[in-house]
Amino acid sequence: MTYRVYLRWPGQRVTDKTTTESRTVADLAYAELVNRTDWPGDERPLGVGYTKDGKQVQYHNFEQDEG
């Protein structure tokens, strides 16, 4: 199994990508990105993606946090 965790930005840009075979590592990476607050300038990502074997497991939407 392959897990991927990443930040999704406007324009479909992806950064801070973690690719691992370990669910524990993926869970830690996801929690770290969801709780991160040190964004560059006023820019903030749209969300945090978490996939397992190419299928979405979780998605944290930062835009929902604003309302």
Discussion item. When you check Glu32 against the structure, is it without any contact (Cβ under 8 Å) to a residue 12 or more places away in the chain and charged (D, E, K, R), yes or no?
Written reply: yes
Item to complete: Pick out the one residue from Gly11, Gly49 that is surrounded by 10 or more Cβ atoms within 10 Å (Cβ to Cβ), not β-branched (Val, Ile, Thr) and not in a loop (DSSP other than H, G, I, E, B).
Response: Gly49
Worksheet item: Regarding Asp38, is this residue open to solvent by less than 90 Å² (accessible area, probe 1.4 Å) and of a type in the set (Asp, Glu)?
Response: no
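The values are calculated or read from the model by the stated rules, or taken from the named source; none is laboratory data. In this text, all values refer to a predicted model and were calculated from it rather than measured experimentally. Heads up, the Cβs are rebuilt from the backbone with ideal geometry, glycines too, and the neighbour counts pull from every protein chain shown. Heads up: the accessible areas ignore ligands, DNA and RNA and are worked out on the full protein's heavy atoms, side chains in. Shrake-Rupley method; radii C 1.70, N 1.55, O 1.52, S 1.80 Å.
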